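Peer 1: This is the structure, below, for whatever I ask next.
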Amino acid sequence: MAVRLAGVGLPVEEPVELWIDDGVISSEPVAGAETLSGSGWILPGLVDAHCHVGIRYGGGHEDEAGVLAQAQTERDAGVLLLRDAGSPVDTRALDQRADLPRIVRAGRHIAMAKRYIRGLPIDLEDESQLPAAVTEQALRGDGWVKLVGDWIDRSVGDLRPLWGDAVLKEAIDAAHRVGARVTAHVFGEDALPGLIEAGIDCIEHGTGLTADTIEMMVERGTALVPTLINIATFPEIADSADRFPVYAAHMRDLHARVGATIGAAHEAGIPIYAGTDAGGSIRHGRIADEVAALAAVGLGPTGALGAACWDARTWLGHPGLEAGAPADLLVYDRDPRTGPDVLAEPDLVVLRGRVVAARGRFA
C-alpha cells in the first residue's frame, strides 16, 4: 500500500511532503496513496553509531532472546541504523527481520591477550598478528574493524597503548586495501598519536584528546564518537579500581574535563557522531540521552540531533529522506530537539516502508 506523509523536515525546517511506495521514498505523488500523517516533524531514522548488540547489560554474552530484545528496544526509541562496534555474538539472523534496525557490524574487538574485557575480543599473542586479524575481521564485517587502542596495563597500573606505531600502520593499510574502515577504543592520551598517524578512520571515546591530537584529527579528517553517557560512568570505574590509584585518578581526570575536551574537538571541526556504547554497562535505547549530552558540550540541539541522524547516516553510507531511499523514518508531534523525553518517544516509526511502532494519535 502506498502512503503519503507531510510535515516539517529537519535540519532545514521546511515543509516536506513525500510518498512511500513498495518500501521506497518517492518525491512524486503516488496515485491512491493513503495519508498516514498530514502534520508533525519528519526525519530519517536515528543512528546509534557505537553500540554492542549481543553484549548483555552487566556483562557476558546475550542469548537469542536477549539479542532480539536489544534490537527491538533500539527500534522503539527510533534508532533504525546501528553501528555495532564489536560483538562476540553472531547477530546476522536479525537481518532477516524486516521489523528490526539495520546493523553495520565491525566484527569482534581485536586486542592483545589479557588487555581487554575477558571473553569479548579476539585475543592476539603477538602484535605481529594484527594485520592478518584486521583483514579477517574486515572481510567478515560490514566495512568496519574495531581495535582496542588502550586499556589498563596492570603491570604499570594505568592506561597504556596495546600496539606499536609500525604495526598499526600496516594493519590499517590492510583494512583499507579490502575496503574497510578502522576505529579504535581509546580512553587515554598516549595511544592517540600512533593511531591517528597510522590513518585510523575514527576514534571511540577520545577522552584523552589534546590540542595536538585534535589538530592531527582535523588534518586527517578523522571522526570521533565520544559516547558521553558511557564516560559518565568513569567515576564509578575509578571507585572500583582502588588497587590501581594512578589509573583511578587518571579516569577521574578524564571524566572531569570531558566536556571541554569534546567541545574543543567540535570547535576545531572534527566530525562527531552520536553513540551510546549500549551493551555491557549502558542499557540499549538511550540515544536521546547521548544527543542531549552532545548538545550540552557545544553541538547545540540541531547539530547534536544531526550527529545521531542525517549526518551519521551520510557518514555510514546510508541515505536519509531523498527519493529512492528506503523508507526508514520517524514522525514526531513535537519538535524532537525539545529534549530527550521527546526524542526518545517518536510517535510513528516507519521501517522499510512499514509502520513498526506507533504512539499518541497513531496508536
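The values are calculated or read from the model by the stated rules, or taken from the named source; none is laboratory data. Bear in mind that the values here come from a model prediction, so they are computed numbers and not experimental data. Ideal geometry is used to build each Cβ from the backbone, glycine not excepted, and the neighbour counts take in all protein chains shown. Heads up: the accessible areas ignore ligands, DNA and RNA and are worked out on the full protein's heavy atoms, side chains in. Shrake-Rupley method; radii C 1.70, N 1.55, O 1.52, S 1.80 Å.
Peer 1: Go through (1) surrounded by 20 or more Cβ atoms within 10 Å (Cβ to Cβ); (2) modelled with pLDDT under 95; (3) not acidic (D, E) one by one and return the number of the condition I152 breaks.
Peer 2: The single condition I152 does not satisfy is (2).
Peer 1: Starting from residues that are assigned to a loop (DSSP other than H, G, I, E, B) and in contact (Cβ under 8 Å) with a residue 40 or more places away in the chain, keep the ones in the range 202-226 and report whichever is farthest from I152 (Cα to Cα). I'd like the intermediate steps shown before the answer.
Peer 2: Taking the range 202-226 and keeping what is assigned to a loop (DSSP other than H, G, I, E, B), we get 206-210, 221-222, 226.
Narrowing further to those that are in contact (Cβ under 8 Å) with a residue 40 or more places away in the chain: 206-209, 221-222, 226.
Numbers: G206: 15, T207: 15, G208: 14, L209: 17, G221: 28, T222: 24, P226: 19 Å.
Out of the qualifying residues, it is G221.
Peer 1: Taking the options G263, G259, name whichever one is under 21 Å from T183 (Cα atoms) and assigned to a helix (DSSP H, G or I). Spell out the reasoning first.
Peer 2: On the way: G259 fails: under 21 Å from T183 (Cα atoms).
On inspection, the qualifying residue turns out to be G263.
Peer 1: Taking the options G66, G143, G78, G60, name whichever one is modelled with pLDDT under 95 and small (G, A, S).
Peer 2: None of the other options fit; the residue is G60.
Peer 1: Of the residues in the range 164-180, how many are open to solvent by less than 20 Å² (accessible area, probe 1.4 Å) and either of a type in the set (V, I, T) or not in a helix (DSSP H, G or I) (or both)? Show your work before the answer.
Peer 2: Of the range 164-180, the ones open to solvent by less than 20 Å² (accessible area, probe 1.4 Å) are 167-168, 171-172, 174-175, 180.
Now narrow it down to the ones that are either of a type in the set (V, I, T) or not in a helix (DSSP H, G or I) (or both): 167, 172, 180.
Total meeting the criteria: 3.
Peer 1: Anything in the range 108-140 that is at pLDDT below 95 and within 30 Å of P326 (Cβ to Cβ)? List them, or say none.
Peer 2: L139, R140 - these are the residues of the range 108-140 that are at pLDDT below 95 and within 30 Å of P326 (Cβ to Cβ).
Peer 1: Let me ask another. Suppose the filter is small (G, A, S) and within 20 Å of T222 (Cβ to Cβ); does G263 pass it? Explain how you work it out, then say what you get.
Peer 2: On the way: small (G, A, S): yes; within 20 Å of T222 (Cβ to Cβ): yes.
Criteria met by G263.
Peer 1: A follow-up question, please. Any idea which of R83, R108 is assigned to a loop (DSSP other than H, G, I, E, B) and either touching a residue at least 24 places away in the same chain (Cβ under 8 Å) or surrounded by fewer than 18 Cβ atoms within 10 Å (Cβ to Cβ) (or both)? Steps first, answer last, please.
Peer 2: Working: R83 fails: assigned to a loop (DSSP other than H, G, I, E, B).
Among R83, R108, only R108 is assigned to a loop (DSSP other than H, G, I, E, B) and either touching a residue at least 24 places away in the same chain (Cβ under 8 Å) or surrounded by fewer than 18 Cβ atoms within 10 Å (Cβ to Cβ) (or both).
Peer 1: Restricting the first residue to the range 257-276 and requiring it to be open to solvent by 40 Å² or more (accessible area, probe 1.4 Å), which pairs with a second residue that is among the small types (G, A, S) meet a Cβ separation below 7 Å and a spacing of at least six or different chains?
Peer 2: H266/G298; E267/G298; P271/A223
Peer 1: Also: Please state which one of G269, G298, G280 is modelled with pLDDT under 95, on the phi > 0 side of the Ramachandran plot and either more than 12 Å from the chain's Cα centre (by Cα) or of a type in the set (D, E) (or both). Walk me through it before giving the result.
Peer 2: Details: G269 fails: modelled with pLDDT under 95; G298 fails: modelled with pLDDT under 95.
Sole residue among the options that is modelled with pLDDT under 95, on the phi > 0 side of the Ramachandran plot and either more than 12 Å from the chain's Cα centre (by Cα) or of a type in the set (D, E) (or both): G280.
Peer 1: Cβ contacts < 6 Å: first residue open to solvent by 50 Å² or more (accessible area, probe 1.4 Å), restricted to the range 331-344; second residue in a loop (DSSP other than H, G, I, E, B), any location; separation 6+ or different chain. Result?
Peer 2: Taking only residues 6 or more apart or on different chains, the pairs are D333/G40; D333/D347.
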